[in-house]
1. Tell me the net charge near Ile54. Cut-off is 15 Å between Cβ atoms, Ile54 excluded, with +1 for each Lys or Arg and -1 for each Asp or Glu.
2. Accessible surface of Thr93 in the full protein assembly, 1.4 angstrom probe, to the nearest 10 Å²?
3. With a point put 7 Å past each Cα toward its Cβ, work out how far Lys167 is from Lys47 in nm, to one decimal.
4. Which links in Lys66/Lys139; Lys63/Lys153; Lys67/Lys139; Lys112/Lys166; Lys92/Lys169; Lys80/Lys171 stretch past 22 Å when you go from one Cα to the other?
5. How big is the Rg/Rh ratio for region 51-139, C-alpha atoms only, Rh by Kirkwood, two decimals?
6. What does the accessible area of Val84 come to, in Å² to the nearest 10, when a probe of 1.4 Å is used?
7. Enumerate the aspartates and glutamates that Lys180 could reach by cross-link, defined here as Cα to Cα under 12 Å, with residues fewer than 8 away along the same chain left out.
8. Leaving ligands, DNA and RNA out of it, rank Tyr158, Tyr88, Tyr146 by accessible area with a 1.4 Å probe, largest first.
Amino acid sequence: MITNFEPFFGLNKSLIQQVCINPVLRNNLKISFNENNLFIPLSHMNKQTKENLIRRAMDEAEKGIKKSNSPFGAVLTDKKGNIVEAAYNTSKTDCDPTAHAEINLLRKAGKKFKTRVLEEYCLFSNAESCSMCMSAAIKAGITFFYFGAPSEKNMDPYLTVFDVAKKSKRKLHIETGLLKEECIAQIIRGRNKLLK
């Protein structure tokens, strides 16, 4: 049974109830239901919005690069694309191998919202997450992921976001390659700075 009837794009209570029992209608409207039977749109942001949010993640990565950290940034948004939190990698300055952008983001959001459950949010990063970060985001209940650059081949362990997603009990929406070339260029520049 639907527990939240707050309408998305004009859906009323009667239509929502029909959607629950009619998978064809559900697919045509491009909506899905999470484990708590809250409905969410599958296609909730346009390309320009997603690219702007990747650019915001890149802005975060720049903060890390300036402090000689790894060149990664991430933002957390609501389903409409409003940023609720942002973070960058601080693993070098914090002497903490877990202080990746996504982990820092989850920690900040958890403290801000006083919860470990972030299922109503979307994660954007300038690069595909490592297995630690992807697993942590899934544990937090996030199911919408948007990435720029692909996984780095030298990751250890080498598990892509798709490898991790295969093991998830939740249905995940993963979109990669947003501003791919810009993100790759930023990461190469940031990595080169670390070598100097």
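1. Once positives and negatives cancel, what remains is -4.
2. Per-residue accessible area (Thr93): approximately 70 Å².
3. For the pair Lys167/Lys47, the computed spacing is 3.5 nm.
4. In this structure, Lys66/Lys139; Lys63/Lys153; Lys67/Lys139; Lys112/Lys166; Lys92/Lys169 exceed 22 Å between Cα atoms.
5. Numbers: Rg = 11.9 Å, Rh = 12.7 Å.
When Rh is taken as the Kirkwood radius, the ratio is 0.94.
6. Rounded to the nearest 10, the figure is 30 Å².
7. Glu51, Glu128
8. The ordering from most to least exposed comes out as Tyr158, Tyr88, Tyr146.
The values are calculated or read from the model by the stated rules, or taken from the named source; none is laboratory data. Please read all numbers here as calculations on a predicted model, not as lab measurements. Cβ atoms come from the backbone with ideal geometry, glycine included; neighbour counts cover every protein chain shown. SASA here: full protein model, heavy atoms, side chains in, ligands and nucleic acids out. Shrake-Rupley method; radii C 1.70, N 1.55, O 1.52, S 1.80 Å.
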